[in-house]
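The values are calculated or read from the model by the stated rules, or taken from the named source; none is laboratory data. Since the structure is predicted, the reported quantities are computational estimates derived from the model, not experimental observations. Here the Cβ positions follow ideal geometry from the backbone for every residue, glycine too, while neighbour counts run over all protein chains shown. Please note that ligands, DNA and RNA were not included when accessible areas were found on the heavy atoms of the full protein model with its side chains. Shrake-Rupley method; radii C 1.70, N 1.55, O 1.52, S 1.80 Å.
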Amino acid sequence: MKSAKSPLFLILATVIAAACLIYALRQRENMVEESRLAMGTIVQIKVPLRPGLDKKAADYAIDRAFDEIDRVEKVFSVYRQDSEISRINGLKLGEEMKITTETFSLIERSVEYTKKTSGAFDITVYPLVRLWQDARMSGRLPAVSEIKKALEKVGAANIILDKTKMTISFAKDGVAIDLGGVAKGYATDRAIKVLQEIGIRDAIVNSGGDIYCLGARSKFRPWRVGIRHPRKSSEVFMELDVMDEAVVTSGDYEKYFTLEGRRYSHIIDPRTGYPVGDYIISATVVSEDTVRADMLATALCVLGREGLKIVDSEKAMAAIVVKDGDKMKVEMAGNVRGSFRVYQKKLSQ
Ligand code: ADP
Ligand code: MG
């Protein structure tokens with residue numbers, strides 16, 4: 001028997017390694033990718049080149065997809081005075097406003113998920129979001145009375161939608177909506193739709209953790225999405241092979257703030273008025289569209305293990321990372337298929 005270090009073995013190993021390297025470089029060469037700042041995050045779009053699809057055509061499609069993301073941001077950003085959402089939020093009691101079918105549908109869908117998630121996902125959380133944003137800026141925790149006052153405005157039942165007139169009004173003064181928990185998912189779905197309309201069959205759009213995988217990476221491989229370790233940015237603890245599905249991760253990875261020595265999430269429990277505790281570290285949801293995955297991921301950060309039941313009844317699967325003593329562990333739910341690989345069930349801090 002030849003030893004593993006025989007010249008023949010070494011030659012073979014070198015040839016295989018070189019072939020793999022050439023293949024990987026080819027793959028890279030055949031991929032058009034672009035990243036831009038949008039919606040307060042980095043949005044990356046990748047389109048693999050195929051026979052009949054050259055770089056110029058891919059560049060054109062990617063440009064149109066980014067245009068669509070910009071358009072969506074202009075409509076739904078609460079940070080823009082001129083957005084449709086900001087105008088809605090300016091409504092006084094008794095006033096109603098005619099809105100576009102697009103805005104109507106997204107608000108309607110959000111309200112539907114407030115019911116499905118027992119109030120954990122609720123776009124009327126905005127008065128609380130503002131209160132906690134002020135806390136972050138001033139370095140002073142909100143008073144209990146302020147939380148109580150903001151909570152009075154919260155509740156999807158305060159949104160009145162009239163489908164025949166396509167109008168919105170609020171049941172109380174001071175009600176305001178924030179589509180921050182769903183707009184990135186919506187923009188991602190819209191960007192994919194634009195790419196498809198141009199004739200792109202394979203692409204990936206990643207809006208800061210809200211990912212949709214259209215088609216496949218290559219003829220032989222689906223898209224592979226790696227989920228980062230919540231505390232070690234260079235480590236991936238879970239990988240998924242995905243085709244025509246969304247993968248959304250929400251959590252306290254980056255968007256948190258520290259006040260009086262405590263870590264506060266940007267996700268708020270609309271039932272208590274307080275940011276979600278540090279028990280649920282992150283939630284990853286796989287679903288057929290990014291909007292649904294986005295809403296469910298935010299809801300799971302509020303509900304934790306209890307929310308996994310909702311995932312079971314939806315067309316979705318999920319993995320949440322929860323605290324387990326001084327470690328973290330992964331819990332899964334839904335129709336978990338073989339393409340969902342968790343490398344570490346227990347994670348160290
Ligand atoms: P990320 O921005 O990290 O992707 P999410 O999709 O979970 O996170 O959205 C968080 C944003 O959604 C917050 O910044 C806030 O604007 C809004 N939000 C916070 N809590 C809730 C909630 N319980 N339901 C709906 N939206 C929320
Ligand atoms: Mg979300």
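Overview of values
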item: Options Val302, Val276: the member that is crowded, with 16+ Cβ neighbours inside 10 Å and in contact (Cβ under 8 Å) with a residue 60 or more places away in the chain; result: Val302
item: Sole exception among (1) more than 25 Å from the chain's Cα centre (by Cα); (2) free of Cβ contacts under 8 Å to residues at least 24 places away in the same chain; (3) not in a loop (DSSP other than H, G, I, E, B) for Ile168, by number; result: (2)
item: Scope region 191-244; condition modelled with pLDDT under 95 and of a type in the set (Asp, Glu); matching residues; result: Glu235, Glu239, Asp241
item: Residue within region 77-90 that is open to solvent by 60 Å² or more (accessible area, probe 1.4 Å), assigned to a helix (DSSP H, G or I) and not assigned by TED's automatic domain parsing to the domain that holds Lys163 present; result: yes
item: Single match in Pro270, Pro275 (criterion: within 15 Å of ligand 2 (Cβ to nearest atom), more than 24 Å from Glu314 (Cβ to Cβ) and not assigned by TED's automatic domain parsing to the domain that holds Leu37); result: Pro275
item: Val125 vs. criteria touching a residue at least 40 places away in the same chain (Cβ under 8 Å), within 16 Å of ligand 2 (Cβ to nearest atom) and in contact with a strand residue (DSSP E or B) (Cβ under 9 Å, 6 or more places away or on another chain); result: yes
item: Subset tally (residues that are of a type in the set (Gly, Ala, Ser) and within 14 Å of Tyr212 (Cβ to Cβ)) for region 42-76; result: 1
item: Residue in region 133-151 that is open to solvent by 60 Å² or more (accessible area, probe 1.4 Å), touching a residue at least 60 places away in the same chain (Cβ under 8 Å), among the polar types (S, T, N, Q) and over 27 Å from Arg36 (Cα atoms) present; result: no
item: Region 113-158: number of residues that are farther than 19 Å from Ala299 by Cα and either β-branched (Val, Ile, Thr) or more than 10 Å from ligand 1 (Cβ to nearest atom) (or both); result: 21
item: Residue in region 303-317 that is modelled with pLDDT under 95, among the small types (Gly, Ala, Ser) and closer than 23 Å to Pro127 by Cβ present; result: no
item: Criterion (within 16 Å of ligand 2 (Cβ to nearest atom) and not in a loop (DSSP other than H, G, I, E, B)) met by exactly one of Ala187, Ala157; result: Ala187
item: Some residue of region 322-329 being under 30 Å from Val111 (Cβ atoms), open to solvent by 20 Å² or more (accessible area, probe 1.4 Å) and within 19 Å of the chain's Cα centre (by Cα); result: no
item: Filter result for Asp269 (touching a Gly at 6+ places or on another chain (Cβ under 8 Å) and acidic (Asp, Glu)); result: no
item: Subset of region 44-62 (residues that are in a helix (DSSP H, G or I), open to solvent by 40 Å² or more (accessible area, probe 1.4 Å) and within 9 Å of Glu34 (Cβ to Cβ)); result: Asp59
